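Heads up, the thing below is written out as structure tokens.
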Amino acid sequence: METTKENTIVENDDEPEINYRGVKAMPFIIGNETFEKLGAIGTLSNLQVYLTTVFNMKRINATTLLSVFNGTTNLATLLGAYLCDTYFGRYKTLGFGSFASFLGLLVITLTAVFKNLHPPHCGLDDAHCVGPTPPQTTFLLAGFGLMILGAGAIRPCNLAFGADQFNPNTVSGKRGIDSFFNWYFFTLTFAQMVSVTLVVYVQSDVSWPIGLGIPTVFMLISCFLFFMGTKIYVMVAPEGSPLTSIVQVAVVAAKKRRLKSPEQPWLSLFNYTPVKSINSRLSYTEQFRYKGSGEGVIGVEMEEKESDKRVV
């Protein structure tokens, strides 16, 4: 016990003290999120009308394209979360996502500004409308691809990065996290209201170049605000994705599915909790017992690694 206590004290002494700037950092993060939503929602909410009127796409083709775009964006969020937790961290992932989203909105705006990047206008009396050429379609899809990269990087990180700026072990820090969540969803609702009313009105009734340019400017402001607060952000280092542990347990449980279950699994199965973990420990249940073999094998491997370290 004394050795454990001494080791714990040494580990805490070696760790640098974190200077939480929660309230000071919150305006930059909330501002970044607000303008990012104004830019993204302002473009996506009226994109089907843009594809059918400016790019002369059939409604079914435009709907299919947007459905593929939305589905790919949701899948990219899973990949973005894994890369963020395992390799890059939330700050770098958010910075990359914000810049990629800005470039994507800029590309889509350019398709409306320059006549060579979209088909000729098709009037009501025209019997045959000319569709987009392959280069025009490629340029448009490049904008969609950049927006997918941006959304896949931003969505899994924005809320967690804001919560990182507050100390979860103090009363003021917990209140700050609650306040951050309140402001986040308030500004999200505000951005949705502005995007589906004013921005859509400008796009449909005034000018597509101006209507798409406004969200692009919003996204540029979002990037500017995010990088302005770089010096005061708390940047948590990546510690690995929970998806990796889930896959490990599933694979090992499948391989060792024929093993006999221990007589007292609540005592003998691997039950490791990292020192820095803030997650609560769940008690043993009879559900999903097939994973017990995987937990037992992983536990043995972890114990062997720990014993090797002690020998060295």
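How do 98-108, 84-94, 189-199 rank on mean C-beta neighbours within 10 Å, highest first? Spell out each step's value before the answer.
Details: 98-108: 23.0, 84-94: 20.1, 189-199: 15.9.
Going by the mean number of other Cβ atoms within 10 Å, highest first, we get 98-108, 84-94, 189-199.
So what is the relative contact order for the range 98-206, in percent, with contacts set as C-alpha pairs under 8 Å and at least six apart?
26
Report the full-extension gain for the segment S67 to F190: residue separation times 0.36 nm, less the Cα-Cα distance, to one decimal in nm. Before the final figure, lay out the partial values.
Details: separation 123, 0.36 × 123 = 44.28 nm, distance 2.52 nm.
41.8 nm is the gain from fully extending S67 to F190.
Since every read-out is calculated from the coordinates, none of them should be taken as a lab result. In this text the structure is predicted, and so the values were computed from the model without any measurement. Note that each Cβ is placed from the backbone with ideal geometry, even for glycine, and that neighbours are counted across all protein chains shown.
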